[in-house]
Amino acid sequence: MQTKKYQIKAYVTHEDYLVIEEYAEKAGLSLSAFARRVCLGQPAPNRELEQFRRELLKINADLGRLGGLLKLCLSHKDEQARELHRDARRLLWEIEARQREIKTAVAKL
């Protein structure tokens, strides 16, 4: 079954065309698909936003690994390690605070 497709023309300035083209590229869509979504009120994906979200999640994972190393440091009982315990605990609290901030930022995205 063949469907009939219709074409919509819109006149825009060169500057507007460049902006629309840039947004379509950021969304990973063709100009036609981007225009169709925008005209129908559908959300257009934002690849940059997704990349930002992935970077935040990687940072969060790095902080988690760092926290694990600090906890390992705290498990040692020798005299030299005990001197580092206070600093390690402070760093763990800071890491946990940053992780909460990152999780909040990712949830907002």
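Annotations for the structure displayed:
- With respect to (1) in contact with a helix residue (DSSP H, G or I) (Cβ under 9 Å, 6 or more places away or on another chain); (2) farther than 30 Å from residue 97 by Cα; (3) loosely packed, with under 15 Cβ neighbours inside 10 Å, the lone exception for residue 41 is condition (1).
- Top-ranked residue in region 25-36 [being within 17 Å of residue 8 (Cα to Cα) and either of a type in the set (Val, Ile, Thr) or in contact with a helix residue (DSSP H, G or I) (Cβ under 8 Å, 6 or more places away or on another chain) (or both); ranked as surrounded by the most Cβ atoms within 10 Å (Cβ to Cβ)]: 34
- Annotation: of all residues in region 1-56 being aromatic (Phe, Trp, Tyr) and part of a helix (DSSP H, G or I), the one that is nearest to the chain's Cα centre (by Cα) is 52.
- Against the numbered list (1) in contact with a helix residue (DSSP H, G or I) (Cβ under 8 Å, 6 or more places away or on another chain); (2) farther than 30 Å from residue 89 by Cα; (3) surrounded by 10 or more Cβ atoms within 10 Å (Cβ to Cβ), residue 49 comes up short only at (1).
- The listed residues are 77, 108, and the only one of them that is modelled with pLDDT under 80 and under 26 Å from the mean Cα position of the chain (by Cα) turns out to be 108.
The values are calculated or read from the model by the stated rules, or taken from the named source; none is laboratory data. Bear in mind the structure is a predicted one, so any value in this text is a computation, not a measurement. Don't worry about glycine lacking a Cβ; one is built from the backbone with ideal geometry, like all the others, and counts go over all protein chains shown.
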